[in-house]
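One structure below.
Derivation of every value follows stated rules applied to the coordinates shown; laboratory data play no part. Quick caveat: nothing in here was measured; it's all calculated off a predicted structure. Using ideal geometry, Cβ is built from the backbone for each residue, glycine included, and neighbour counts are taken over all protein chains shown.
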Amino acid sequence: MAYDWLSDPDDERHIAALRDRVGKDAARVLIFLGAGLSFGVGRYLGRASFERPQPYDDDRFPSWPDLIERMKRRVLADTEDPHEATAVESFFGHNDYLDCAQLFRATVGRNEYHAFLESQFGTSAEDEERLTASHEALVRLPVRELFTTNYDQLIELAFASRGETLVVSTSSDEFKRHHPDRPEHHLIKVHGSIETLDRIVLTREDYAESRRARAEMFEHLMEEVRYSSFLFVGFSLTDPNFNIIRDDARVVMGENMPSSYLVQQRPNPVMERYLASLQVETIALESWNWMPALLDAINPASG
């Protein structure tokens, strides 16, 4: 198997370790998918367009910074007082994304908030032609459980378009119904899905409520974090609910906690040192468009 797209022997070692773990027990390697996976869908440069300079674009399936920027622009469009506009700019520039989403919903109202989310993450059958090579490689992986914070339905579309069965849990009730069957492919959408707008987790208030409403899903995630290796794809490890779960697991497991791996765009020694302290190894791609090659490289069924 060729690794000529890799620039660092540590990356090659991490990929070999992941491939070995998938081959020995695919149930103990889980994928956690973030907005980065969806970002390349329909964009001219694919996932590599994430590397673009500002300004932000207006395509569907935005990154977190893009989504918050769009919220800010929408609030400013309805703000006539220049002093209030300055306050809005300051708020969005200095507060957490959860707080920005909270302010946005409080400003525009729930109905317009839901319409905004639909315009950002709504997914249709026509999007099959826009799916990336990363989606195709993901479907080929023999991994049983996938977690995601994404609201769109692109992963579901990728599996369906290739005739693969995917069981999807978007709420605790669905998870409790599906998990005992141990489906071959189970997508657990820990923050909900676009087809159930009233259950999406995005604002500060949503996050607080979700720890109770989605308790069974988070308890399962806690168990898997303790005993399985995760590959984080398009996920930046900044989600507060996930970090609470993983921090608690590290306290309990100590050095016995399995290594996990985060894919980053290019080598970043400072970030690598920080993540290593949290028992997360990093794999640098140099370009996000190498993601399909990475997913194929950890698949024992690939060449």
Review point. Cα axis of helix 204-213 to longest principal axis of the chain: angle in degrees, 0 to 90, nearest 10?
Key: 50 degrees
Exercise for review: For the chain, would you read off the P(r) tail past 29 Å as a percentage of all alpha carbon pairs?
Suggested key: 36 percent
**Study point:** Nearest-0.05 FRET efficiency for residue 13 and residue 211, computed from C-beta distance (R0 30 Å)
**Key:** 0.25
Practice item. Two decimals is fine: what is log10 I(q)/I(0) at q = 0.20, 0.23, 0.27 Å⁻¹ for the stretch 51-121, from a Debye sum with one equal scatterer on every Cα and no solvent? Key: -0.86, -1.11, -1.39
Study note, to complete from the structure: The helix 215-227 Cα axis meets the longest alpha-carbon principal axis of the chain at an angle in degrees, between 0 and 90 and rounded to 10, of 40 degrees
Check your understanding: Assuming R0 = 25 Å, what is the FRET efficiency of residue 111 and residue 156, from their Cβ-Cβ distance, to the nearest 0.05?
Key -> 0.45
Point to revise | Per-peptide average of other Cβ atoms within 10 Å, ordering 17-23, 183-189 highest first | key: 183-189, 17-23
Exercise for review: Report, in degrees rounded to the nearest 10, the 0 to 90 angle that the Cα long axis of helix 64-77 makes with the longest principal axis of the chain.
Suggested key: 10 degrees
Exercise for review: Sort 79-89, 205-215, 147-157 for me by packing, meaning the mean count of neighbouring Cβ atoms within 10 Å per residue, highest on top.
Suggested key: 147-157, 205-215, 79-89
Review point. Using just the C-alpha positions of the stretch 141-203 as equal point scatterers, what log10 of I(q)/I(0) does the Debye formula give at each q in 0.12, 0.22, 0.27 1/Å?
Key: -0.28, -0.91, -1.24
Point to revise | Unit charges on C-beta of K, R, D, E only; dipole of the chain, Debye | key: 620 debye
Revision key, fill the gap. Along the stretch 174-183, Karplus-curve 3J(HN,Hα) (6.51, -1.76, 1.60; θ = phi - 60°) to the nearest Hz, with x for Gly and Pro, reads 5, 4, 5, 7, 8, 4, x, 7, 6, x
